[in-house]
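Have a look at the structure below, then the notes.
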Amino acid sequence: MKYILSFSVICFILFGCSSSKGIKSSFSSQEVNLIMHSDSITPMRVYKINNKKDSLLLRTKSTYIKPDLKDPVLQRFVKRLYATVRDSISMGVGIAAPQVGVLKNIIWVQRFDKPDMPFEVYLNPKITKYSKKTQKVKEGCLSIPNRSDTLSSRSLTISLEYDTMEGVHITDTVEGFTSVIFQHEIDHLHGILYLDHLQKEIKEVSNSN
């Protein structure tokens, strides 16, 4: 009886530890509450830079997310993030997790470079190479209300790598406007806004005169 009891206690301890590690490597309890508060088709609130608390979070770096099709929180979140970017109020071409208050490396991008221009979700996206050749594109941001600006510093072509929801690691090369969406959304994961690039461009022009 003592042996059985001791074995049960050990199993409980091991299970408890492994569960804690799972929570730490995934969403925080606050993020879980935010995500699971509504169903999968309900959009989430988009964080705005004109709100001080929102702005602080938008300037914070996101962290790795473990791909896991069996994770109900991850499943709910990617669906709600998609519902947010496709919401009639937003109607964006891309969105990043920090824009709804979740600091995880997850983005949705509309692939204008593919037939039917599908929206696709990417986990842990990372740009590995930027082309020296740039393009001039007008950008806006769901987190920067009532404003758009033209940037000329976005790379024309990028190489990137990312994880799928199934945990497959993929490398890809993207060019044109779609590459701008990737650059914009991946910037969000590092706490960077397109206004930062605009300010840099303005400063460079001023220094050259």
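Some values worked out for this structure:
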| item | result |
| --- | --- |
| Single residue of Asp87, Asp54 found to be surrounded by 15 or more Cβ atoms within 10 Å (Cβ to Cβ), of a type in the set (Asp, Glu) and either under 19 Å from Phe182 (Cα atoms) or modelled with pLDDT under 95 (or both) | Asp87 |
| Residue pairs meeting the criteria (Cβ under 9 Å; at least 6 apart or on separate chains; first among the charged types (D, E, K, R), in the range 175-204; second part of a loop (DSSP other than H, G, I, E, B) and open to solvent by 20 Å² or more (accessible area, probe 1.4 Å)) | Glu175/Asp113; Glu175/Ser131; Glu175/Leu156 |
| Candidates Ile192, Ile202 - the one that is surrounded by 16 or more Cβ atoms within 10 Å (Cβ to Cβ) and under 20 Å from Lys138 (Cβ atoms) | Ile192 |
| Answer from Ile186, Ile170 - the residue that is under 21 Å from the mean Cα position of the chain (by Cα), part of a helix (DSSP H, G or I) and among the aliphatic types (A, V, I, L, M) | Ile186 |
| Qualifying residue in the range 149-160 (condition: within 30 Å of Ser28 (Cβ to Cβ) and of a type outside the set (Val, Ile, Thr)) | yes |
| Residue within the range 173-180 that is part of a strand (DSSP E or B) and open to solvent by 10 Å² or more (accessible area, probe 1.4 Å) present | yes |
| In the range 107-151, the residues that are in contact (Cβ under 8 Å) with a residue 40 or more places away in the chain, under 23 Å from Ile65 (Cα atoms) and open to solvent by 50 Å² or more (accessible area, probe 1.4 Å) | Lys126, Thr128 |
| The range 65-84, subset touching a strand residue (DSSP E or B) at 6+ places or on another chain (Cβ under 6 Å) and outside any helix (DSSP H, G or I), residue surrounded by the most Cβ atoms within 10 Å (Cβ to Cβ) | Ile65 |
| Unmet requirement for Ile170, which otherwise passes all of (1) more than 28 Å from Lys48 (Cα to Cα); (2) crowded, with 18+ Cβ neighbours inside 10 Å; (3) hydrophobic (A, V, I, L, M, F, W, C) | (2) |
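The values are calculated or read from the model by the stated rules, or taken from the named source; none is laboratory data. Predicted, not measured: the structure shown is a model, and the values here were computed from it. Quick reminder, even Gly has a Cβ in these numbers, built from the backbone with ideal geometry, and neighbours come from all protein chains shown. With ligands, DNA and RNA removed, areas are computed over all heavy atoms of the protein, side chains included. Shrake-Rupley method; radii C 1.70, N 1.55, O 1.52, S 1.80 Å.
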